Each structure stands twice: as structure tokens, then as C-alpha cells.
1. From the list Ala114, Ala132, exactly one residue is more than 13 Å from the ligand (Cβ to nearest atom) and under 22 Å from Met319 (Cα atoms). Which is it?
2. Has the range 309-318 got any residue that is closer than 24 Å to Asp222 by Cα and open to solvent by 10 Å² or more (accessible area, probe 1.4 Å)?
3. How about the range 257-365: which helices (runs of 4 or more DSSP H) wholly inside it have at least 1 residues that are under 14 Å from the mean Cα position of the chain (by Cα)?
4. Sort out which residues of the range 179-212 are more than 14 Å from the ligand (Cβ to nearest atom) and either open to solvent by 40 Å² or more (accessible area, probe 1.4 Å) or in a helix (DSSP H, G or I) (or both), and write them in order of number.
5. Note down all Cβ pairs under 6 Å where the first residue falls in the range 335-347 and is closer than 16 Å to Ser302 by Cα, the second is of a type in the set (Asp, Glu), and they're at least six residues apart or on different chains.
6. Suppose the filter is within 12 Å of the ligand (Cβ to nearest atom), crowded, with 23+ Cβ neighbours inside 10 Å, touching a residue at least 24 places away in the same chain (Cβ under 8 Å) and over 24 Å from Glu323 (Cα atoms); does Leu267 pass it?
7. Can you tell me which residues in the range 46-104 are of a type outside the set (A, V, I, L, M), at pLDDT 90 or above and part of a helix (DSSP H, G or I)?
8. Of the residues that sit in the range 138-167 and are within 12 Å of the ligand (Cβ to nearest atom) and assigned to a loop (DSSP other than H, G, I, E, B), which one is surrounded by the most Cβ atoms within 10 Å (Cβ to Cβ)?
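The values are calculated or read from the model by the stated rules, or taken from the named source; none is laboratory data. Worth saying up front: this structure is predicted, and the values here are computed from it rather than measured. Note that each Cβ is placed from the backbone with ideal geometry, even for glycine, and that neighbours are counted across all protein chains shown. Side chains are part of the model used for accessible areas, which takes the heavy atoms of the whole protein and leaves out ligands, DNA and RNA. Shrake-Rupley method; radii C 1.70, N 1.55, O 1.52, S 1.80 Å.
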Amino acid sequence: MALHVSPKWLAVEPTHGTQTRPRSAVRVRCTAQSSSAPATSPSYEEGELERPRWAGETPLSRIVAAIIEFKPLYSILKFGARQVFISTAQKKEIPWVEMRKQIMSSDVYKEKAAVEDPSLVYPDYYLKPFHAYDEGNLSWLAAAEAEPATMSMALRAIPEASSAEEANSVMRGNWLDAIKRHHLQFAKGCEIKDILDIGCSIGISTTFLVEKYPSAKVTGLDLSPYFLAVAQYKETRRPPRKNPIRWVHANGESTGLSSASFDLVSLAYVIHECPQRATINLVKEAFRLLRPGGMIAITDNSPKSKKLQDLSPVLFTLMKSTEPFLDEYYTLNLEETMRRVGFVNVQSLLTDPRHRTVTGTVLLS
Ligand SMILES: C[S@@+](CC[C@H](N)C(=O)[O-])C[C@H]1O[C@@H](n2cnc3c(N)ncnc32)[C@H](O)[C@@H]1O
């Protein structure tokens, strides 16, 4: 990969922000683990700005917002964005249409009743059109296209890769290495036994976590029962696992799961899809769910990415037409939010040319 500059670990001194629950009552002792840290941290190029010029309250951003607000133009943009997604993927040998057909013509529909919580109340932002789907993530079409869409995203991040699979494994490998490095540095030997993947979608990030931590119990949680049905369906098509993945249909802002019951909470490519208030709630909920010494790992678009800062106006207009919360995402200081919630050892690393992985720990008492 050609994009190497100096390492971008942004270590931040532990601070003690407003914790959402007292931790002093829980005492944990951990024993040393034998695993070693990944040899090197990747380094990718940052832009000169704190965030892309088109994010937040800028004249450019206001023009884009006005275009998107104008419904007839929005419909054209939305249609255009969808065509661009599909044709770009097909050109890069991601068989989008075939992959969609395979899911849509399968038995996946039978899985929905088993994973769905019919009493779940969806947050308002989740009921809006999204990613060029009128029903957002609450549809079979979105669920059937989630895998090719993820593969395209990986190839955009690692365009030098020879295939989408290779791009995905580089992107996910760097993310997992950042988690491992943070864990070895700060967890003082606490083992990762229970993992929660919030916003697991159709289970791609969950599967990477399971394969990296085969002895852990892994839970994938998502708001879309359609995505969870695909995740479960894919699991039924492979040999049974020693620790089967548990799928939970819930809001990551308020999961209903027990406090201090996880060692790692992951949010992979979730928060750019959420308004700021939801992101803050997701971070608070992760803090509540983690044991002392446990860690959060949030991977998503990096505001400092040179690639994203250099995007053309046409591309960012298309992007914004399908991602309604990008302005809120880029203007939230995520690291500061995590510290305020109570996380310590907050670190941020560009783990590929477009994405950062931000990690933090719950203080080990
Ligand atoms: C881009 S997908 C994540 C992909 C997946 N983690 C991966 O890395 O392949 C974002 C997911 O977040 C989910 N999501 C958004 N808001 C959520 C919330 N408040 N609680 C749970 N899931 C949420 C969406 O349903 C969607 O499946």
C-alpha cells in the first residue's frame, strides 16, 4: 500500500469524566495473557483539515442540504446514487444483482419471526428513508443488498486490493489489530470472554469478531429484523460453531442487556448512520454494558481522512443524499464524547485511508 506516513496513534491521557454509573463497587482481578500485540500499527494519510470542508455548517454544506430538501431533485439524486452504487460494484466484479437474487429467492424469510421482537419501538431516525431505500433498513431489499454494499465500501477504502474479499480482510484486519493492541495495552490481562457487536447488520463484523476470538461468546445486536434474519440464515448455511452467535433485535441505545456483562463492545460503521443524540446514547449504553477493564471499539469514517476531505462535490452530494446524518457525524467530537461518558485511554487511529478506529477502556478498579 502506497499511502504510508508517520503513525497516527493519538494517545490521550486518562481523564475521569461524568460516569453514567458508579464503578467502585465492582472489583476485578485479571491474570496475564500470553498473546502478543500485532507487530506494527498501520499508518495512513491525514488531510490538513479537522473534518471535510463539506461537513457541518458551511456554505457548501448548506447548498447541498437545500438540494436534498427539494423533493423532486432528491428523488433524482436518490435514484442516481443507487445506480452508481450498483454499477460501480458490478464493474468491480461484485455481483450485486446475483447476490441480491440469491438472498431474495432463499428461505431467509422464515428466520425473521425467530429473531424479531415485535414489541420493539423504533427510534424516529430509523423510520426515515435511508441509503436510497424508502423503508431505510427495514426492508428485505436493504437486507439482501447489505453484503454487496459492504464489499463495495471495503473496495472504496482499499482500492489497491485485488478483490473485494481482499479489501474487506485488510480493512477488518486493521480494525481487529487496533482492538487487540488497545486491549493488550490497557486491559491488564482481562480476557475477552463476552463480545457485543452493536449494529451488526447481516453479521459481517460479528463473524470477523467470532473468528478473531473463537472462545468468546459473541452477541450481534441490530434494529433491523430483516438484517438479523439474513445474519441468522447465513449461520444456518455453515458448519455449527462451538459458541453459536446470539442475535438480539434491540435498540443499541437501550439494549435491555445486563450491566457489566461484556468485555468488548464494538460499533462498526454504525454511528455515521445516527444523529448525535443517538450516538451519545450508544456510547453511554456501551459504558454501562462493559465490565471494568472492558473496551469499546468504534470504527467509522474518519473526519481527518485525506481521501474523504478530497472527495469531489458531486460525490459528496450523492453521499449526503443517502446518508442524512453525515453532518451530525462529522461535527461530533467522538473522542471527547467517550471521555465525558467515562471512558479512559481513548485512542484514535486511521485504520485504513477512509476509516478510523476509536478505542477506550472502562477504568479497572
Ligand atoms: C453499516 S451497518 C453496520 C455494518 C456492520 N457492523 C459491519 O461492520 O459490517 C449499520 C447498522 O447499524 C444498525 N443501527 C443503526 N442504529 C442502530 C441502533 N440505534 N441500534 C442498533 N442498531 C442500529 C443498522 O440497522 C445497520 O444494520
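1. Of Ala114, Ala132, the one residue that is more than 13 Å from the ligand (Cβ to nearest atom) and under 22 Å from Met319 (Cα atoms) is Ala132.
2. Residues of the range 309-318 closer than 24 Å to Asp222 by Cα: none.
Looking through the range 309-318, none of the residues is closer than 24 Å to Asp222 by Cα and open to solvent by 10 Å² or more (accessible area, probe 1.4 Å).
3. Working: elements: 276-289, 306-309, 313-322, 326-331, 334-341.
By residue number, 276-289, 326-331, 334-341.
4. If the condition is that a residue be more than 14 Å from the ligand (Cβ to nearest atom) and either open to solvent by 40 Å² or more (accessible area, probe 1.4 Å) or in a helix (DSSP H, G or I) (or both), then Lys180, Arg181, His182, His183, Leu184, Gln185, Phe186, Lys188, Glu191, Lys193 are the ones that fit.
5. Val346/Glu335
6. Criteria not met by Leu267.
7. Trp96, Glu98, Arg100, Lys101, Gln102
8. Across the range 138-167, the extreme among qualifying residues is Leu138.
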